[in-house]
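Below is one structure; the comments refer to it alone.
The values are calculated or read from the model by the stated rules, or taken from the named source; none is laboratory data. Not measured: the values here are computed from a predicted model. In this analysis, Cβ positions are derived from the backbone assuming ideal geometry, glycine residues included, and neighbour counts consider all displayed protein chains. Please note that ligands, DNA and RNA were not included when accessible areas were found on the heavy atoms of the full protein model with its side chains. Shrake-Rupley method; radii C 1.70, N 1.55, O 1.52, S 1.80 Å.
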Amino acid sequence: MAKPIHCIADARRYARRRMPKIMFDCVDGAAGAEYANGLNQEKIQQLRLLPRVLVNVAQRDLSTRFLDRDWGLPFGIAPMGMCNLTWPDADRMLADAAKKFDIPMALSTMSSTSLEQVAQWIPENGWFQLYVGQSESQAMQLVQRVEDAGYTTLILTVDVPQVAPRVRDLKNGFEAPLRIGVRQIVDFALHPGWSVKTLLAGAPSLANFSPGEFYRDGGRGLVDWEFLDRLRRRWKGRLIVKGVLSVEDALRIQNTGIDSIYVSNHGGRQLDAAPAAIDMLPLLREALGPDYPMLFDSGIRGGEGVVKALALGASFVMLGRSLLYGLGADGEHGLQRVIDLVRNEISVTMAQIGCTGIQQINHSVIVQK
Ligand SMILES: Cc1cc2nc3c(=O)[nH]c(=O)nc-3n(C[C@H](O)[C@H](O)[C@H](O)COP(=O)(O)O)c2cc1C
């Protein structure tokens, strides 16, 4: 029977119940004391939207133009590695959802389905997210494959010069590839629904690499301004830089001819002392000018959050864990339910604040303190 998911917290609760602790913690966890992850959500919650009345809002349109294309909704799927840990075939479910709702899906370098396969599933909706691991030439070979597969939008993630220690993963003994000891066997046995499905389907692995070719925990510190220049010259399609919070960095990236900046603190998974991403958004918007395309993620747990990010200057919003909670709770149904409820929350929120289109959502809808 389908799980009754009425909010993201419901999805999270069901996912926590169904998934082994080691897997749920890997998705749900963050860096250090997980302060930044909590702060992202708190700061979004604290923002207040001003209700407006007597506006005819009977018809509302959620379609959004971003990077010269109309999308069905103002949000898309953030790049996330190893999504198939939540449910076998999760990448295919994400791709199907991207097509169904006409939203972008950013496929991670560390995905558990190959980039070529996903490009075949969703030629119009797939973006590719690039990590540069221990070798630039390996990264450039990957870029070649991305181009050959037909992707036209590339996201370079720059906020992981080194993977930050995640305390829950360390405590649980989470490693890639997974080493299965007594603790893990007990954990799997206590979550038979997940274990039977996932283990029968075969443990997920990094599908874009041969075994041993890319180390999850290895350094990724090679990426610098000179590399960005080289990548900009090499990649003719749309190029987005993800994980930017500093105004100074953002201005330099904009001046390098990058098509869009993706404001994010990686959902609090990198620098625990980082500011809440939403707090930096208006500053970056002011610095980059009103028309520069800007993506946002980190801490969005529903439709009101999407509206608030748009109001503070995001051109488009990406969802991270919210979608994995949906998948972890109830597979395809859970994922589609989460997208549908976020869509509905955005629409209802727009009605309350007197907006009939995404373009009308601006700073004036936020209550100024
Ligand atoms: C399980 C998991 C895996 C992730 N893997 C990647 C990745 O491979 N590449 C990347 O750029 N960001 C990755 N991220 C970060 C997300 O793209 C996004 O920035 C973050 O989840 C947003 O915060 P939120 O989860 O609070 O929405 C990952 C996040 C999670 C939760």
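As a summary of the residue check, Val317 satisfies the conditions (1) out of contact with any Lys or Arg (no Cβ under 6 Å at 6 or more places or on another chain); (2) not in a strand (DSSP E or B) except for the one numbered (2).
Reported count of residues in region 113-130, each being touching a Gly at 6+ places or on another chain (Cβ under 8 Å) and not hydrophobic (A, V, I, L, M, F, W, C), is 1. Scanning region 6-23 for residues that are of a type in the set (A, V, I, L, M, F, W, C) and either under 17 Å from Glu304 (Cα atoms) or in a helix (DSSP H, G or I) (or both) yields Cys7, Ile8, Ala9, Ala11, Ala15, Ile22, Met23.
In summary, Ala98 fulfils each of the numbered conditions (1) closer than 30 Å to Met23 by Cβ; (2) free of Cβ contacts under 8 Å to residues at least 12 places away in the same chain with the single exception of condition (2). Which strands (runs of 3 or more DSSP E) sit wholly inside region 105-168 and have at least 2 residues that are not aliphatic (A, V, I, L, M)? Ranges flagged: 126-130, 153-157. Checking each residue in region 266-314 for being within 22 Å of Val167 (Cβ to Cβ) and assigned to a helix (DSSP H, G or I) picks out His266, Gly267, Gly268, Ala277. Looking only at region 28-56, count every residue that is of a type in the set (A, V, I, L, M), open to solvent by 20 Å² or more (accessible area, probe 1.4 Å) and closer than 24 Å to Gly303 by Cβ and tell me the total. Total meeting the criteria: 7. If you take the residues of region 223-282 that are in contact (Cβ under 8 Å) with a residue 40 or more places away in the chain and of a type in the set (S, T, N, Q), which of them is farthest from the ligand (Cβ to nearest atom)? Restricting to residues being in contact (Cβ under 8 Å) with a residue 40 or more places away in the chain and of a type in the set (S, T, N, Q), the top hit is Ser260.
Of all the listed residues (Val57, Val163, Val167), the sole one being modelled with pLDDT under 95 and more than 19 Å from the chain's Cα centre (by Cα) is Val167.
Of all residues in region 230-245, those satisfying the criterion of being farther than 12 Å from Val158 by Cα and not in a helix (DSSP H, G or I) are Trp235, Lys236, Gly237, Arg238, Leu239. Candidates Asp217, Asp159, Asp169: the one that is touching an Asp or Glu at 6+ places or on another chain (Cβ under 7 Å), closer than 30 Å to Lys21 by Cα and within 16 Å of the ligand (Cβ to nearest atom) is Asp169. Remark: Gln162 matches the filter, which requires a residue to be touching a residue at least 24 places away in the same chain (Cβ under 8 Å), under 27 Å from Glu248 (Cα atoms) and surrounded by fewer than 13 Cβ atoms within 10 Å (Cβ to Cβ).
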